[in-house]
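Data first, discussion second: the structure below is written as structure tokens.
Here, each number is a calculation from the coordinates, and none is a lab measurement. Just so it is clear, the structure is predicted and the values come from calculations on it, not from any experiment. Quick reminder, even Gly has a Cβ in these numbers, built from the backbone with ideal geometry, and neighbours come from all protein chains shown.
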Amino acid sequence: MLDFIASKYNYWVYIVLMMIGFYAMIGKTNLVKKIVGMNIFQTAIILFYVSTACKWGGATLPILKGSGHGPVTHAINVSNYINPLPHVLMLTAIVVMVATLGVAVAIVIMIYRKFKTLNEDEILKAMK
């Protein structure tokens, strides 16, 4: 049992990172801490997808070289190649994460200018 847990250490790291981010988003009242928690949560998800796309024994990327006069006609062993699709999708997720961070920081700046605080309870009290 201990060997099974130790062999999946990367999953435990992702779970811990996700729970830290989730706690920061739910449990904290400071808006900046909530944004940091959201970033930690998103980073944990990206790390999870990138690590699951890793293939032990994968030799190279699937760039096939033909004879120069057309497509590759011989059979290839797919297990020798790494799938780049999850990595490309996570690059897109990183761009979305940075854009989300920028919008969230801009909104927090506007909230601070209006209410002179970043505490969620005080902002809700001032809105009433």
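Given the Cα-Cα distance of Asn83 and Leu2 and 0.36 nm per residue of separation, how much length would full extension add, in nm?
26.1 nm
Sketch the reach of a paramagnetic label on Thr100 as a point 7 Å from Cα along Cα-to-Cβ, and name the residues of the stretch 1-34 whose backbone nitrogen lies under 18 Å away.
14-28, 31-34
Between Phe22 and Leu124, 0.36 nm times their residue separation minus their Cα-Cα distance comes to what?
34.6 nm
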